[in-house]
Amino acid sequence: MSTVKYSVCLIDDDKVYQFTSKMILEATQLTSKIITFFNGKEAIDFFLAPENQHIDILPDVIFLDINMPILNGWNFLELFDKIYYSLPKKILIYVVSSSVDDSDMERSKSFACVTDYVIKPINKEKYRLLLSVPG
């Protein structure tokens, strides 16, 4: 039985979190590629580059931290929301944060491109569940 493999993008400034998340995601055996960015500016520059707007280069899923330097998750979403519908494929975005603040959860719902708000840490079973959501 063939398992679907997803291309995943991690946008988080915490190097330890990125490392552990990559290890956990690889352990799910549901990923084909994992690309990482340490802030929203690096990520938005990637998504805005014409050469990256091909279906085989764009990720299927983004795990986006809120609190980052240079360009935080909210600012990334404001910019990404403007290009979301012009991309050649639908990308699931999970806002990932240690914040349990209801205002953050509500704010994430104001972006059409956001699939859900997920509280850190994320274990292997949770990643499996999130990656099994149909696009």
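Taking amide hydrogens as placed 1.01 Å from N in the peptide plane, the amide H of Thr31 sits under 5 Å from those of Tyr6, each at least 5 positions away in sequence or on another chain.
Only Cα pairs under 8 Å and 6+ residues apart enter the sum, and on that basis the relative contact order of the chain stands at 25 percent. Here the spin labels are modelled as points 7 Å beyond Cα on the Cα-Cβ line, and at Leu48 and Ser132 they lie 3.9 nm apart.
Given [x] 2, 10, 22, 25, 22, 14, 4, 1, 0; [y] 2, 13, 24, 25, 20, 11, 5, 1, 0; [z] 2, 10, 17, 17, 14, 12, 10, 7, 5, 3, 2, 1, 1, 0 as candidate values of P(r) over Cα pairs in 5 Å bins from 0, in percent, which corresponds to the one derived from the coordinates? Computing P(r) over Cα pairs in 5 Å bins from 0, in percent and matching it to [x] 2, 10, 22, 25, 22, 14, 4, 1, 0; [y] 2, 13, 24, 25, 20, 11, 5, 1, 0; [z] 2, 10, 17, 17, 14, 12, 10, 7, 5, 3, 2, 1, 1, 0 gives [x].
Each value in this text was obtained by applying a stated rule to the coordinates, not by laboratory testing. This structure is a prediction, so every number in the text was calculated from the model and none was measured. When we count neighbours, we look across all protein chains shown, and the Cβ atoms used for this are built from the backbone with ideal geometry, even at glycine.
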